[in-house]
Amino acid sequence: MFQVSHIHHIAIICSNYEISKHFYSNILGFPIIRETYREARHSYKLDLAVSDNQQIELFSFPSPPARPSRPEAQGLRHLAFAVKDLAACIYHLNSQGVSTEDIRLDELTGKRFTFFADPDGLPLELYEE
């Protein structure tokens with residue numbers, strides 16, 4: 001029987017590796033598992049821990065194409081991260097120069113959430129547990 005236990009990783013291709021590395025590891029606080037330079041591809045791969053069994057793989061490639069539109073392009077719409085204290089997370093992001101949208105209320109669950117963007121404009125969401 002086919003059964004998925006969890007999402008293992010999410011892969012993100014960035015336009016500026018050092019800026020995105022700083023954003024995901026220092027501002028968002030995801031611990032670095034390993035960093036690899038792949039000479040044949042002229043590409044970095046940075047593995048970041050989101051939880052005990054979930055990761056973000058951050059890639060750099062020479063001249064990657066831009067995302068078609070935000071956030072309604074066909075395909076992945078956004079990434080959502082669960083947080084315990086939405087207000088504290090928003091304060092932290094804003095203090096680091098990261099703009100966040102106004103807090104919204106999920107009409108189906110009654111939970112609060114907000115959106116912000118990574119350095120390449122990838123839409124990210126904080127969803128309060």
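The values are calculated or read from the model by the stated rules, or taken from the named source; none is laboratory data. What you see is a predicted model, and the numbers here were worked out from it, not measured in a lab. Here the Cβ is made from the backbone with ideal geometry for all residues, glycine too, and neighbour counts use every protein chain on show.
From the list D52, D47, D85, D106, which one is more than 13 Å from D118 (Cα to Cα), surrounded by fewer than 16 Cβ atoms within 10 Å (Cβ to Cβ) and touching a strand residue (DSSP E or B) at 6+ places or on another chain (Cβ under 7 Å)?
D106
Can you go through G121, G97, G110, G75 and tell me which one is part of a loop (DSSP other than H, G, I, E, B) and in contact (Cβ under 8 Å) with a residue 40 or more places away in the chain?
Residue meeting the stated conditions: G121.
Determine whether S95 is surrounded by fewer than 16 Cβ atoms within 10 Å (Cβ to Cβ), modelled with pLDDT of 95 or more and within 15 Å of the chain's Cα centre (by Cα).
no
P64 is checked against (1) loosely packed, with under 13 Cβ neighbours inside 10 Å; (2) part of a loop (DSSP other than H, G, I, E, B) and fails just one. What number does that condition carry?
(1)
Can you tell me which residue within the stretch 1-27, out of those that are within 18 Å of Q54 (Cβ to Cβ) and touching a Phe, Trp or Tyr at 6+ places or on another chain (Cβ under 8 Å), is surrounded by the most Cβ atoms within 10 Å (Cβ to Cβ)?
Checked the stretch 1-27; the qualifying residue surrounded by the most Cβ atoms within 10 Å (Cβ to Cβ) is Y24.
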